[in-house]
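**Q** Dropping a structure here in structure tokens format, bear with me for questions.
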Amino acid sequence: HGNWHRGAGLCSWLGINVFLFTYYFLFFDQDERYFYTRAILGSALAWARASAKCLNFNSMLILLPVCRNLLSFLRGTCSCCRRTLRKQLDHNLTFHKLVAYALALFTAVHTIAHLFNLERYNDSQQATDGSLAAILSKMHLNNNKWLNPIHSNQTVSTVEYVAFTTIPGLTGVIITLALILMVTSSTEFIRRNYFEVFWYTHHLFFIYFVGLVIHGIAGLVRGQTEDSMEEVHPRHCAEYLVEKHEECRHVCCKNPEFSSIPAEVGQQRDGVGAVGAPAPFSTPLVGVIMHPAKVLELQMQKKGFRMEVGQYIFVNCPAISLLEWHPFTLTSAPEEDFFSIHIRAAGDWTERIIDTFQQQKPEMPRIEVDGPFGTASEDVFQYEVAMLVGAGIGVTPFASILKSIWYKFQQADQTLKTKKIYFYWLCRDTGAFAWFNDLLASLEQKMAESGKADFLTYRLFLTGWDTSIANNAALHHDTATDTVTGLRHKTIYGRPMWNAEFSAVATAHPRSVVGVFLCGPGALAKDLQRSCQQHSSLDPRKVKFYFNKENF
């Protein structure tokens, strides 16, 4: 659903890029102010300037999709918009990557074009054939009205000389290296296995933008001045430069004068970083709980902290690293008097923080918090029917949702729009179920006491099991509670048959709008998205499935 919104946004972005490139390519390829510049550089001038304009445009956009406070603000202001429009905010990282790829492409075009430019500048300066390019290159070498930035034919290794001794050359090398490091370190493999590399290299964006701002200051590439155009217009006077005699008295005998072209790369500055971002803050810990399967729960003081279900925060522990910040979904409900996160050992940083708190030192490490920030799960109570799918630690956003539901039942909240929740949790080992069992058990009991035992249907799937677990389950098949979890609903061994699950939900709610929420891997997301499309009716009066995925 909402594919046409996505398509329209993508086409708009592509259209603007195509328009900018085409417009400025034709402009620099045909405008008479750059007639003499083209005499030296040829079409490489247009390629360099058109790609520079597109670089500016995409550099202006690149930070917008990752401005977390801006996205949270837009989620709040769009709460009354159609859900298909709000859902486009969930594709922020995809758009961020597209813009990054565009930056890489236009950087390559811009760099290659300027390499050609430098060679042509050098060739025209070395030339002694009396051509227009050679004559233009030797004009105004003693003042600031020159056209060719290479003033001496003794310059050795022109490309290296300009790249490392001029402001445009040096900043160009720096920004290109920064961009290469940021793009290569953001691959899936690096992010999953060496998150610190990704995190630190992405902070080169500051160097990138500073370099971008000052890149075009020197103005090495020049065009004819307006005053000179009025006196010696190239349309009438270009031929006189080649055939000019010493006693020339014609109006065209005066040499044209040149000045810098306004910089394309670096002339626009955006204020993306100034989107009302609250400063990170230090918060006292009120509870530290070590759950099975090496899952650490941190409970923090809620004073002055406001949250909604499904939101996440960035966490820093200065005792481990001053610069590293990691995202964690809030597992507490807005109704509770503290806010909490659950941390599973999944890398160097998480293992270190778990080990630090397991040591039980007299003074607990300080925790810094930035957030909270909005996600797709905030919309869960906007649906009459919700399907919540968590994989492993991906259950955390749904802990907040289920706890909030428990409090709403406690308070007999009449504004709750949701009438039915289906909860699916996929785990590889039995230990992962342990820390969530208490919440599910209390929910079971509360729903039964409230006469709404059918409000929550949950299905737990154990995807990694051995013969002993299977034999034990078969032996106790007739018991009232599950042998793995102790809950009334029995654990299912294997993976869900999503077609069957969606068909059952569609049959039970033939005229409902169903929100499908996932916090889990990409492969599972594709399966669920496909099932949403297959089981949604084309009839607007019948069942519709809307897919929502957590993105960090």
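The values are calculated or read from the model by the stated rules, or taken from the named source; none is laboratory data. Computed from a predicted model, the values in this text were never measured in an experiment. Every residue, glycine as well, gets a Cβ built from its backbone with ideal geometry; the counts of neighbours run over all protein chains shown. Side chains are part of the model used for accessible areas, which takes the heavy atoms of the whole protein and leaves out ligands, DNA and RNA. Shrake-Rupley method; radii C 1.70, N 1.55, O 1.52, S 1.80 Å.
**Q** Would you mind working out the accessible area per residue for region 324-387, using a 1.4 Å probe, and quoting it in Å²?
**A** On the way: 2510 Å² over 64 residues.
Solvent-accessible surface per residue comes out at 39 Å².
**Q** So with the 1.4 Å probe, I'd like the accessible area per residue for region 113-183, rounded to whole Å².
**A** On the way: 3680 Å² over 71 residues.
Each residue of region 113-183 exposes 52 Å² on average to a 1.4 Å probe.
**Q** Can I ask one more? Report the gain in length on full extension from ARG530 to LYS303: 0.36 nm times residue separation, minus Cα-Cα distance, nm rounded to one decimal.
**A** Working: separation 227, 0.36 × 227 = 81.72 nm, distance 4.26 nm.
Between ARG530 and LYS303, full extension yields an extra 77.5 nm.
**Q** Near TRP199, within a Cβ-to-Cβ distance under 13 Å, what is the net charge of the other residues, with Lys and Arg +1 and Asp and Glu -1?
**A** Details: positive: ARG191, ARG192; negative: GLU196, GLU324, ASP348.
Local net charge: -1.
**Q** Heavy atoms only, probe 1.4 angstrom, no DNA, RNA or ligands counted: give me HIS91, HIS509 ranked by accessible area, highest first. Kindly include the intermediate steps, with their values, before the conclusion.
**A** Details: HIS91 55, HIS509 35 Å².
The ordering from most to least exposed comes out as HIS91, HIS509.
**Q** Using a 1.4 angstrom probe on the protein heavy atoms only, could you order LEU460, LEU89 from most to least accessible area? List each step's numbers first, then the result.
**A** On the way: LEU460 0, LEU89 30 Å².
Highest to lowest solvent-accessible surface, that is LEU89, LEU460.
**Q** With a 1.4 Å probe and all protein chains kept in place, how do GLU160, GLU368, GLU243, GLU351 rank by accessible area, largest first?
**A** Numbers: GLU160 100, GLU368 30, GLU243 125, GLU351 80 Å².
In descending accessible area the options line up as GLU243, GLU160, GLU351, GLU368.
**Q** Could you compute the FRET efficiency for ASP355 and HIS96, with r as their C-beta to C-beta distance and R0 at 41 Å, rounded to 0.05? Kindly include the intermediate steps, with their values, before the conclusion.
**A** Working: r = 33 Å, r/R0 = 0.81.
Efficiency for this residue pair is about 0.80.
**Q** Specify the inter-centroid distance of region 168-235 and region 35-72, based on alpha-carbon positions, in whole Å.
**A** The distance from the Cα centre of region 168-235 to that of region 35-72 comes to 10 Å.
**Q** Express in whole angstrom the spacing between the alpha-carbon centres of region 517-548 and region 356-417.
**A** About 22 Å separates the Cα centre of region 517-548 from the one of region 356-417.
**Q** Just grab the label-to-label distance for LYS419 and VAL210, each label 7 Å out from Cα along the Cβ direction, in nm (one decimal).
**A** 5.9
**Q** Okay, next question. Using amide H atoms built in the peptide plane, which far-off residues or other-chain residues are under 5 Å from TYR312 H to H?
**A** Result for TYR312 returns LEU330, PHE373.
**Q** Moving to a separate point now. If R₀ is 22 angstrom, what is the calculated FRET efficiency for the pair GLN411 and PHE73, using the beta carbon separation as r and rounding to 0.05?
**A** On the way: r = 29 Å, r/R0 = 1.30.
So, using R0 = 22 Å, E works out to roughly 0.15.
**Q** In addition: Using each residue's phi in region 45-54, evaluate 6.51 cos²θ - 1.76 cosθ + 1.60 at θ = phi - 60° and report the 3J(HN,Hα) Karplus result to the nearest Hz, with x for Gly and Pro.
**A** Calculated HN-Hα couplings, in order: 4, 5, 4, 5, 6, 5, 5, 5, 5, 5 Hz.
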